[in-house]
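The values are calculated or read from the model by the stated rules, or taken from the named source; none is laboratory data. It should be emphasised that the depicted structure is a prediction, and the values quoted were computed from it without experimental measurement. Cβ sites come from the backbone with ideal geometry, for glycine too, and all protein chains shown count toward neighbours.
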Amino acid sequence: MERIRPSNLSLALQDLTSGVGSIYIWPMLGWLEIKQRYRRSVLGPFWLTLSSGVMVAAMGPLYGRLFNLDLPTYLPFLAVSLILWALIGGLIAESCQVFIAAEGFIKQIKLPYTVHVMRVIWRNMIIFGHNLIVIAVVLLVFPPSWSWHLLLFPLAIFLLAVNAIWMGLLLGLVCARFRDIPPIVTSLLQVAFFLTPVMWRPEMLGRHQWALLWNPLYYFLEIVRAPLLGQGFSPSLWGGVVLITVVGFAVTILLFGRFRARIPYWV
Amino acid sequence: MASIVARNVMVEFPIYGTKSRSMKNAFMRAATGGLLTTGADERVVVRALRDISFRFDVGDRVGIIGHNGSGKSTLLRVLAGAYEPTGGEIDVAGKVASMLSITLGMDFEATGYENIYLRATVMGMRPFEIEPLLGEIREFSELGDYLDMPVRTYSSGMAMRLAFAVSTSVSADIILMDEWLNVGDPSFSAKAQARLTDLLDRAKILVFASNDEGMIRKNCNRILRLDHGEMTSLENI
């Protein structure tokens, strides 16, 4: 009796959709990790808010001075940039561990692998939510000239989260197999922090600004940052993000489809 | 309907040494055709299950017997859907409850009530299905107001009672169990056995691994013998 087996590709897509759709599991697991980390502390997750606040307050005046920029324009830029970088960098760094850290689950029960990725994204988004307070305070003290572009902020965050899905699957998969990738990613992230306009403004590159177009992290940073700082809408950056999303998912689905079943044997 | 069909199921574990896990070696191997990194390519493969075929249907109480390392747990994990066979096919029809690790998903820093939700959600239940069970779990586990306290404050026996109470409150077509579950002091144990037996009686298929043949003969109507990953016999008793 010959039956049609579902293809690797359709199994990968099924994992993706049912994983994202497991809305009873990943929000709970992600939230639990936040609670767990701060269970016996007074401020709880607001420790993160506090440490981000201190960082911005300490680095703002210093780097404003170094770059010769006035505080009312530099501080909002720096606050938004640092906190967004914490989100992006955190997502990338933790993507390496998604499957390795979920070994107990993966070897015991059948759950869509995407659930573990969603859990990491959700946890980072909750942390980002706490850090938003710092951004809100700085922007209220030094309000930029906002326009309707502010409405693009939620959309940009959503796109960032969507991209974190393929990135988590891809990095999680590769790192489960090759254990020397996580340290490589960590050191690349440190370099990327300086190469990406987090502390410095893109305009400072002058006529070399084109070089930034080769930095995918710049696209994500800028589409989220610009609406908050009252800067204009850049079709080329948004177009770039859409392109990265499509290519990212295409590559990931192919690799994930091919190697998905190997994950429990690797972790 | 519930059934489990295995056709020539094969499970091979790659054992990666530090060499084959390294990307450098993978690159060198690709770039030099394996000339430079001889040895790194010698991936050791452990064949945990080979060529297993069977069919379990409603009413089957299958006991898996084998020595340590014979592949019992691996087979259960394949049935649970955690491992996909590296060769052959497995078809499981029906809702599976895996009792392979009854504390999976629990967090000892969280309270007893939170853990009921955690454990039950991991077993596939939805919040609205869990809520009606709370009272019964509270009563059965005899934990009372302790359920408001973090599980880390429990004795190990209390924690096991909670895990057992939640894990046995699911209903499923197929139940997988690695060794007979036994928790608590003698008085609780009797109660727990009654609850477990009741749950197992309601299940359509039970697959239970143990190296205690007496226990298997008492509770099962089919015996599958595993030896070094091979199925040596499948008999009805």
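Only residues that are under 16 Å from B:Asp107 (Cβ atoms), within 20 Å of the chain's Cα centre (by Cα) and in contact (Cβ under 8 Å) with a residue 12 or more places away in the chain: list them for segment A:7-45, please.
A:Trp26, A:Pro27, A:Leu29, A:Gly30, A:Trp31, A:Glu33, A:Ile34
Among the residues of segment B:100-119, which ones are of a type outside the set (D, E, K, R), at the interface with chain A (Cβ under 8 Å from one of its Cβ atoms) and outside any loop (DSSP other than H, G, I, E, B)?
Those that are of a type outside the set (D, E, K, R), at the interface with chain A (Cβ under 8 Å from one of its Cβ atoms) and outside any loop (DSSP other than H, G, I, E, B): B:Tyr117, B:Leu118.
Could we say that B:Gly124 is assigned by TED's automatic domain parsing to the domain that holds B:Val170, on the phi > 0 side of the Ramachandran plot, under 25 Å from the mean Cα position of the chain (by Cα) and in contact (Cβ under 8 Å) with a residue 24 or more places away in the chain here?
Yes.
Determine whether segment B:153-164 contains at least one residue that is hydrophobic (A, V, I, L, M, F, W, C), touching a Ser or Thr at 6+ places or on another chain (Cβ under 6 Å) and touching a residue at least 40 places away in the same chain (Cβ under 8 Å).
Yes, segment B:153-164 has at least one match.
What number of residues within segment B:39-82 satisfy the criterion of being among the charged types (D, E, K, R), surrounded by fewer than 17 Cβ atoms within 10 Å (Cβ to Cβ) and within 14 Å of another protein chain (Cβ to nearest Cβ)?
3
Restricting to segment A:28-61, name every residue that is modelled with pLDDT under 90, farther than 26 Å from B:Ile116 by Cα and either of a type outside the set (A, V, I, L, M) or touching a helix residue (DSSP H, G or I) at 6+ places or on another chain (Cβ under 6 Å) (or both).
A:Phe46, A:Trp47, A:Leu48
Could you say whether any residue in segment A:134-141 is out of contact with any Leu (no Cβ under 8 Å at 6 or more places or on another chain), crowded, with 20+ Cβ neighbours inside 10 Å and within 30 Å of B:Pro85 (Cα to Cα)?
No, segment A:134-141 has no match at all.
Counting only residues that are charged (D, E, K, R) and outside any strand (DSSP E or B), which one in segment B:83-99 is nearest to the other protein chains (Cβ to nearest Cβ)?
Filtering first and then ranking leaves B:Glu84.
May I ask you to list the residues in segment A:106-132 that are over 16 Å from A:Pro27 (Cα atoms) and without any contact (Cβ under 8 Å) to a residue 12 or more places away in the chain?
Of everything in segment A:106-132, those that are over 16 Å from A:Pro27 (Cα atoms) and without any contact (Cβ under 8 Å) to a residue 12 or more places away in the chain turn out to be A:Gln108, A:Ile109, A:Lys110.
Tell me, please, whether a residue that is at negative phi, assigned to a strand (DSSP E or B) and either within 10 Å of another protein chain (Cβ to nearest Cβ) or in contact (Cβ under 8 Å) with a residue 60 or more places away in the chain (or both) can be found in segment B:133-150.
yes
For segment A:1-84, which fully contained helices (runs of 4 or more DSSP H) count at least 3 residues that are more than 14 Å from chain B (Cβ to nearest Cβ) and surrounded by fewer than 13 Cβ atoms within 10 Å (Cβ to Cβ)?
By residue number, A:46-66.
List the number of the failed condition for B:Ala190; all other conditions in (1) of a type in the set (A, V, I, L, M); (2) surrounded by fewer than 19 Cβ atoms within 10 Å (Cβ to Cβ); (3) closer than 28 Å to A:Ile23 by Cα hold.
(3)
Look through A:Ile157, A:Ile165 and report the one residue that is farther than 23 Å from A:Ala101 by Cβ, at pLDDT 95 or above, touching a helix residue (DSSP H, G or I) at 6+ places or on another chain (Cβ under 8 Å) and outside any loop (DSSP other than H, G, I, E, B).
Only one candidate passes the filter, namely A:Ile157.
Restricting attention to segment A:182-234, which residues are part of a loop (DSSP other than H, G, I, E, B), in contact (Cβ under 8 Å) with a residue 60 or more places away in the chain and over 12 Å from A:Trp85 (Cα atoms)?
A:Trp200, A:Arg201, A:Leu229, A:Gly230, A:Gln231, A:Gly232, A:Phe233
Is there a residue in segment B:49-67 that is modelled with pLDDT under 85, in a loop (DSSP other than H, G, I, E, B) and either assigned by TED's automatic domain parsing to the domain that holds B:Leu224 or within 19 Å of the chain's Cα centre (by Cα) (or both)?
no
Which members of segment A:224-247 meet the condition of being surrounded by 16 or more Cβ atoms within 10 Å (Cβ to Cβ) and either aromatic (Phe, Trp, Tyr) or farther than 30 Å from A:Ser147 by Cβ (or both)?
Answer for segment A:224-247, where residues must be surrounded by 16 or more Cβ atoms within 10 Å (Cβ to Cβ) and either aromatic (Phe, Trp, Tyr) or farther than 30 Å from A:Ser147 by Cβ (or both): just A:Trp238.
Please count how many residues of segment A:123-154 are in contact with a Gly (Cβ under 6 Å, 6 or more places away or on another chain) and assigned to a helix (DSSP H, G or I).
3
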